[in-house]
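Coordinate-derived values only; no laboratory data. These figures come from a predicted structure and were not determined experimentally. All Cβ positions, glycine included, derive from the backbone under ideal geometry; neighbour counts span all protein chains shown.
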């Protein structure tokens with residue numbers, strides 16, 4: 001077998017072919033850390049969008065964010081932002097326990113919405129949100145931005161091209177050591193099930209589980225085991241799961257995953273095994289995509305944009321201006337939440 005080792009790079013900015021006559025004016029509820037680099041600037045850099053307003057309960061922090069990012073309006077009251085006549089759409093970037101509360105207000109105001117992931121505390125709340133926006137006749141997007149990133153679109157292209165033949169199995173191993181804040185017992189909403197719907201598994205594994213559904217189809221027959229091995233917080237810190245992918249015709253693939261937040265070292269590896277090859281990649285790490293077949297081994301490195309939600313936000317603009325469906329909707333996000341519920345259904349945490 002001839003072995004090749006090819007490294008390529010791609011860092012193209014998304015381009016819009018059309019934009020609205022008047023820019024869509026966005027407001028952000030919860031202008032915390034995730035909006036500083038990952039998402040906020042994407043709304044400012046996408047053609048047809050402007051970031052018009054931000055809200056944070058701490059008025060001084062809201063004003064500071066607006067000043068640093070040149071945002072015209074700032075509020076410490078979410079209702080004032082949602083109902084402001086100069087705000088057309090709202091991005092909810094708060095912890096999951098308030099997503100339903102704010103989303104229903106946005107729907108009642110008849111405005112477009114994007115909500116951070118995971119979509120809500122549970123699938124019942126997700127269903128309420130979807131029903132509200134269906135009634136309002138407005139789109140609801142969810143920030144599962146990996147569905148829009150070029151590196152994962154390349155994986156999907158390989159699968160659609162049959163590069164590894166029939167898919168047999170997908171496995172994801174994600175492990176990392178406990179962080180210093182958790183060891184010290186510091187408050188953290190991400191490990192508070194009442195605020196996050198679970199622990200780090202819900203916060204982080206949701207990205208991968210949603211991505212796998214995008215790549216290979218819905219996850220069904222889902223089963224899981226969860227434990228709390230460290231006792232550092234109330235939520236699970238070790239999870240094992242298995243499932244199969246729905247497929248209308250042909251042979252359906254199986255899937256499995258293992259996530260541990262009390263491990264010796266950090267690992268993040270996905271392997272998709274096919275009848276004629278294998279694809280390897282990371283969900284979070286800046287690592288190459290690896291395609292191995294009888295013809296050899298190819299490594300492809302595709303850079304993420306500096307503001308990682310840029311393609312996700314640009315795809316919202318495409319749907320709103322060109323009618324091109326966005327890959328991450330309230331319906332697809334609700335399915336990701338349902339999968340996590342099935343994995344954790346027997347969890348005592």
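Pick from 251, 155, 87: which residue has the top mean-square fluctuation in a GNM of the chain where Cα pairs under 10 Å get a spring?
Top of the fluctuation ranking is 251.
In whole angstrom, how far apart do the alpha carbon centroids of region 70-98 and region 270-341 sit?
That distance is 29 Å.
Could you tell me what % of all Cα pairs in region 299-349 have separations over 16 Å?
Values: 801 of 1275 pairs.
More than 16 Å apart: 63 percent of the Cα pairs in region 299-349.
Run the Debye formula on the Cα coordinates of the chain, all scatterers equal and no solvent, and tell me log10 I(q)/I(0) at q = 0.11, 0.12 1/Å.
Evaluating at q = 0.11, 0.12 Å⁻¹ gives log10 I(q)/I(0) of -0.77, -0.92.
In degrees, nearest 10, range 0 to 90: what is the angle between the Cα axis of helix 330-343 and the longest Cα principal axis of the chain?
Its long axis makes an angle of about 60 degrees.
Report the relative contact order of region 210-253, percent, no decimals, based on alpha-carbon pairs under 8 angstrom and at least 6 residues apart. Could the numbers behind the result be given before it?
Details: 56 pairs, mean separation 16.5, N = 44.
This gives 37 percent for region 210-253.
Can I get the semi-axes of region 54-121's equivalent ellipsoid? Compute them from the C-alpha gyration tensor as square roots of 5 times the eigenvalues, in angstrom, largest first.
After diagonalising the Cα gyration tensor, the semi-axes are 20, 14, 10 Å.
If I take every Cα pair under 8 Å that is 6 or more residues apart in the chain, average their sequence separation and divide by the length, what percent do I get for the relative contact order? Could you put the intermediate results ahead of the total?
Working: 758 pairs, mean separation 81.8, N = 349.
Over the chain, the number comes to 23 percent.
Provide, as a two-decimal number, the C-alpha radius of gyration of region 203-258 over 2.2 N^0.38 Å, N being how many residues it has.
Cα Rg divided by the expected 2.2 N^0.38 Å: 1.33.
Can you tell me the 0 to 90 degree angle between the C-alpha axis of helix 99-108 and the longest principal axis of the chain, rounded to 10?
50 degrees
Quick one: what Rg and Dmax do you get for region 24-144 from the alpha carbons, in Å?
Reported Rg and Dmax, both Å: 13.2, 38.
Taking N as the number of residues in region 146-343, what is its Cα Rg relative to 2.2 N^0.38 Å? Don't skip to the end; give the middle numbers.
Details: Rg = 17.5 Å, N = 198, 2.2 N^0.38 = 16.4 Å.
Against the compact-globule rule of thumb, the ratio is 1.07.
Specify the angular offset, from 0 to 90 degrees and rounded to the nearest 10, of the alpha carbon long axis of helix 59-68 from the longest principal axis of the alpha carbons in the chain.
Its long axis makes an angle of about 70 degrees.
Using the scaling law 2.2 N^0.38 Å as the reference, what is the normalised Cα Rg of region 243-349? Write out the running numbers ahead of the final one.
Details: Rg = 17.6 Å, N = 107, 2.2 N^0.38 = 13.0 Å.
With N residues counted in region 243-349, Rg over 2.2 N^0.38 Å equals 1.36.
Tell me, 316, 55 in order of fewest to most beta-carbon neighbours within 10 Å?
Numbers: 316 27, 55 30.
The fewest-first ordering by Cβ neighbours comes to 316, 55.
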